[in-house]
Amino acid sequence: MKVTESSSNYDNLDKMSTNELLNAINSEDRTVAESVERIIAAVERFIDACYDRMKNGGRLFYIGAGTSGRLGIVDASECPPTFGVDHGVVVGLIAGGDSAIRKAVENAEDDYDQAWIDLSKHNINENDTIIGIAASGSTPYVIGGLKKANKSGLLTGSITCNPNNPIEKESSYPMTVIVGPEFVTGSTRMKAGTAQKLVLNMISTSLMIKLGHVKGNQMVDMQLSNNKLVDRGAKMIQESLSINYNQAKALLKKYGSVRKAIDSYNK
């Protein structure tokens, strides 16, 4: 039996009080970060290999189904506003297409060939990197995509939650987080999903930092898409240049980005 399908450490959930439910879920969730910690070396190896390609123009693609696919899309969609990169630099693809983001598409994850068809629409090339995301490690959509990617000379990684799974074997850089049984038996949107989100955060954030989109600890390339972010950008400039807020906001308005404003002042 897959670890992700094994019986919960708890029974009679339907008889628990709200407080008991919350404390038990929280207790299980606290183990996830420790599980991720055990695979940091594997994540590091993948990031360094991916960075070598991305610094030369390569892109990063996530492929997955269900919750795993949605987590990839969430992570990819946050990269442009947070780090100022184009939407095509980090791309999330889900079995069943965009409609599957909100509502499951029947049998979409069982299509072995569709991931490569989806990837091919992006003019995929040997500089690109593919990460297959699947808690079970056995999703046909992901297996087929990784197989094709390997044959085409792409770099491949995977984020899964069962040991010795098929997707892991199709990945050059497997990242396998063993989180154990879910609180609700088989509900991998819980601990497995949290683990996948943590690893995705590590990957995209580390890559964006290494690619130069963070200065010190600031998101100097973030998109100024709302008043909150404009305010944050002005405060970043204010702190960096030791000037007053109004001066900082005027610089931000003039140059359109935190980085350009700071660089202009330092010339």
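The values are calculated or read from the model by the stated rules, or taken from the named source; none is laboratory data. Just so we're clear, the structure is a prediction, and the values are computed from it rather than from any experiment. Reconstructed Cβ throughout: ideal geometry from the backbone, glycine too, with neighbour counts over all protein chains shown.
Table for the structure above
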item	result
Within segment 78-94, considering residues that are under 13 Å from PHE61 (Cα atoms) and in contact with a Ser or Thr (Cβ under 9 Å, 6 or more places away or on another chain), the one surrounded by the fewest Cβ atoms within 10 Å (Cβ to Cβ)	HIS87
Of all residues making up segment 199-238, the number that are in contact (Cβ under 8 Å) with a residue 12 or more places away in the chain, basic (Lys, Arg) and under 26 Å from VAL91 (Cα atoms)	2
Members of segment 191-229 found to be surrounded by 15 or more Cβ atoms within 10 Å (Cβ to Cβ), at pLDDT below 95 and either small (Gly, Ala, Ser) or in a helix (DSSP H, G or I) (or both), listed by number	LEU229
Residues of segment 11-25 that turn out to be exposed (fewer than 14 other Cβ atoms within 10 Å of the Cβ) and farther than 14 Å from GLU182 by Cβ, as a count	9
Residue match in segment 166-176 (condition: among the hydrophobic types (A, V, I, L, M, F, W, C), under 25 Å from GLU28 (Cα atoms) and either in a loop (DSSP other than H, G, I, E, B) or modelled with pLDDT of 95 or more (or both))	yes
Pick from segment 26-46, criterion within 18 Å of the chain's Cα centre (by Cα) and of a type in the set (Gly, Ala, Ser), ranking: surrounded by the fewest Cβ atoms within 10 Å (Cβ to Cβ)	ALA41
Matching entry among GLY69, GLY57 (being in a helix (DSSP H, G or I) and either in contact (Cβ under 8 Å) with a residue 60 or more places away in the chain or of a type in the set (A, V, I, L, M, F, W, C) (or both))	GLY69
Given (1) closer than 15 Å to GLY72 by Cα; (2) surrounded by fewer than 24 Cβ atoms within 10 Å (Cβ to Cβ), index of the condition PHE183 fails	(1)
Of all residues making up segment 129-160, the number that are in a loop (DSSP other than H, G, I, E, B) and surrounded by 24 or more Cβ atoms within 10 Å (Cβ to Cβ)	3
Leading residue by the ranking (farthest from GLN196 (Cα to Cα)) among those in segment 118-158 that are in contact (Cβ under 8 Å) with a residue 60 or more places away in the chain and among the β-branched types (Val, Ile, Thr)	ILE124
